[in-house]
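Read-outs: derived from the displayed coordinates by stated rules, not from any lab. Note that the structure is a prediction, hence the values are computed from the model and not measured. Here the Cβ is made from the backbone with ideal geometry for all residues, glycine too, and neighbour counts use every protein chain on show.
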Amino acid sequence: MSSSDNEKYQLFVAIKRARFAQASAADLILAAKNHTELVTEVNLKQIAAITHKSYSSVYNTYNGLVPVLEEMVGRRNPAIKRMFAIEEDALFFHLVERSHPYRFIMAMLEERISSFEQFWQNEDSSKATMLRHIKPMRDFAKQFDVSFSYEPMRLVGEERNVRMFLTVVLWLATNGDVYPFSYPAEADVRVAFDEALNAFDLPIPNPVTVRIGVFYMTVALKRVLSGHILTSASQSQFLHYPTPNLFKIFEEKRFNLVGLDGMNLDEQMAETANLYFLFNFAPIHIISGADNIEATIDRYRKYNPNISKLVNGFFDKLPIDFEHDLNMTPAEVDMLKANLLVVSLSTLVMGKDYTQVIEQNLNLRLRSTPANPVLLEQVRQTLAYVVFTEKLDVLEPYLPILEQSYYNNANQLLHQQAPTNRIKVAPLIEQTVVGYIDLLVFLGNLPFVELMAPTTNLDDADLLITSAYGNASEYVDSDAVQFPWRIDYATDQFGQLYSVIREMWEQRS
């Protein structure tokens with residue numbers, strides 16, 4: 001979206017979240033149960049102070065936001081409560097939908113315009129302006145090894161990568177809140193998606209994963225209908241999985257997917273194999289429940305023994321005890337192992353760990369995970385050792401991309417589960433009062449907290465939690481942050497305390 005539209009959206013979010021922060025936990029629960037809106041009035045001076053912007057800037061942005069909200073509500077001068085009942089995702093897509101980048105990517109997906117000159121003229125723009133507006137999306141496409149061709153307008157790259165890029169960029173554009181495709185209908189694709197899960201013997205995942213799968217399946221079907229069809233020649237040497245002919249099933253059950261009957265058998269099997277790859281191995285793979293995890297591990301042991309040996313050897317030889325060092329249960333370790341199996345095959349097939357590309361765009365905080373050169377060297381040496389001792393020669397050429405993929409996954413896990421830069425928290429409370437046990441248990445369960453003993457030097461503390469009977473400055477010569485705690489606390493205090501500690505930890509990271 002444009003910078004001005006982004007400012008409107010950010011102001012809308014700031015107003016809603018400011019009110020959210022003011023409400024007690026009990027009020028939030030009640031509002032959620034009763035489906036009532038918390039925002040009933042807007043204090044622009046307060047929002048200006050919260051967002052660290054001038055009042056005039058916030059005032060002007062708000063005056064631009066109101067007509068947009070009126071347009072969405074469908075009436076002039078609606079009540080503030082009615083305007084701010086609009087969901088954040090709904091406003092986001094409403095603003096994105098009219099942006100040049102979104103309209104450009106939809107034009108290329110639909111292939112309704114072949115000339116870039118015709119496109120920017122239709123948008124009442126100029127070539128220079130349009131190129132400037134779509135540059136961020138062009139840079140994003142490069143992360144998927146996809147480029148834009150302008151005359152004629154088309155996406156250039158390996159077909160799997162093109163589909164992945166389109167799926168991700170449209171998911172980010174809609175936040176999954178809106179089905180942006182004119183054809184096929186969402187209901188028809190959902191039926192086909194459910195049939196694919198059944199044919200591939202997969203469980204029905206959670207609703208968000210289902211919607212991501214429907215997005216990808218729609219993109220795949222539209223690309224097929226536009227003539228961009230996969231063949232057996234494009235299949236990877238690492239895919240050895242028997243699959244039914246899904247498109248034959250679609251024909252026999254007469255699904256409402258017009259235009260797919262022109263595919264030959266080779267194309268049908270290649271497209272089926274690609275969907276099977278997507279559901280099982282690609283960045284939006286489906287793993288649900290302990291039984292499914294065990295089945296995933298068994299599938300690799302049978303059809304990809306080399307990858308199974310690599311992952312098992314990595315877990316055995318890496319100098320980290322996942323259960324003890326990271327306090328993980330055996331079931332959690334199996335989940336991690338299943339995901340690493342999936343990531344391994346996806347990386348080998350696609351030549352890059354797109355799981356990281358996607359996750360770091362969905363969760364920008366992952367980009368700020370501190371580097372760990374010691375862990376990187378451990379991962380590199382461990383993988384090389386396993387490949388050598390297990391005689392996995394076929395995997396040796398792929399070690400560089402696997403090393404980076406394994407390191408990224410391990411580093412993010414270690415950073416969250418066993419952080420080295422923990423916040424030193426000193427509770428200045430009555431040691432004999434059982435009433436504080438819930439606070440101490442809460443702090444003890446935070447992996448990025450080092451709970452200081454009463455006998456340690458409190459001058460080293462980062463955060464002092466003070467009771468009603470103590471002023472920290474009387475006992476400690478420190479610049480530590482002070483957080484007052486009362487034995488007759490409200491539940492909101494736990495959330496406020498967590499926010500303070502988390503912010504301190506992320507700033508240090």
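Brief remarks follow.
- Relative contact order [Cα under 8 Å, 6+ residues apart], the chain, whole percent: 9
- Along region 132-149 the Karplus relation, 6.51 cos²θ - 1.76 cosθ + 1.60 evaluated at θ = phi - 60°, assigns HN-Hα couplings of 5, 5, 8, 4, x, 6, 5, 5, 5, 4, 4, 5, 9, 6, 10, 10, 9, 10 Hz to successive residues, with x for each Gly and Pro.
- Using just its DSSP H runs of length 4 or more, each adding -39500 (n - 2.57), the chain gives a mean residue ellipticity at 222 nm of -18500 deg cm²/dmol after division by all residues.
- Computed log10 I(q)/I(0) for the chain at 0.07, 0.10, 0.11 Å⁻¹: -0.52, -1.04, -1.20, from the Debye equation with unit scatterers placed on every C-alpha and solvent omitted.
- Shape class for region 3-91: oblate, because the ratio a/c of the largest to smallest gyration tensor axis (alpha-carbon atoms, square roots of eigenvalues) is 1.5 or more and b/c is at least a/b.
- With the charge dipole of the chain set up from +1 on Lys and Arg Cβ and -1 on Asp and Glu Cβ about the Cα centre, the Cα lying farthest toward the positive end among the listed residues Asn327, Ala418, Gly157 is that of Gly157.
- Rounded to whole numbers, the Karplus 3J(HN,Hα) couplings from phi for region 60-73 are 5, 5, 5, 5, x, 6, 4, x, 5, 5, 4, 4, 6, 6 Hz, using 6.51 cos²θ - 1.76 cosθ + 1.60 with θ = phi - 60°, and x at Gly and Pro.
- Counting only lysines at least 8 places from Lys81 when in the same chain, those with an alpha carbon closer than 29 Å to its own are Lys8, Lys16, Lys33, Lys45, Lys53.
- Count Lys and Arg as plus one, Asp and Glu as minus one, and take only other residues whose Cβ is under 12 Å from that of Ala26; the net charge is then -1.
- When each of the peptides 167-175, 301-309 is scored by how many other beta carbons lie within 10 Å of its residues on average, the order from highest to lowest is 167-175, 301-309.
- Packing, taken as the mean count of other beta carbons within 10 Å per residue, orders the peptides 334-347, 67-80 from highest to lowest as 334-347, 67-80.
- Residue ranges 413-419, 438-444 sort as 413-419, 438-444 when ordered by packing (mean number of other C-beta atoms within 10 Å per residue, highest first).
- For region 4-153: relative contact order, % (alpha-carbon pairs under 8 angstrom, 6 or more apart): 21
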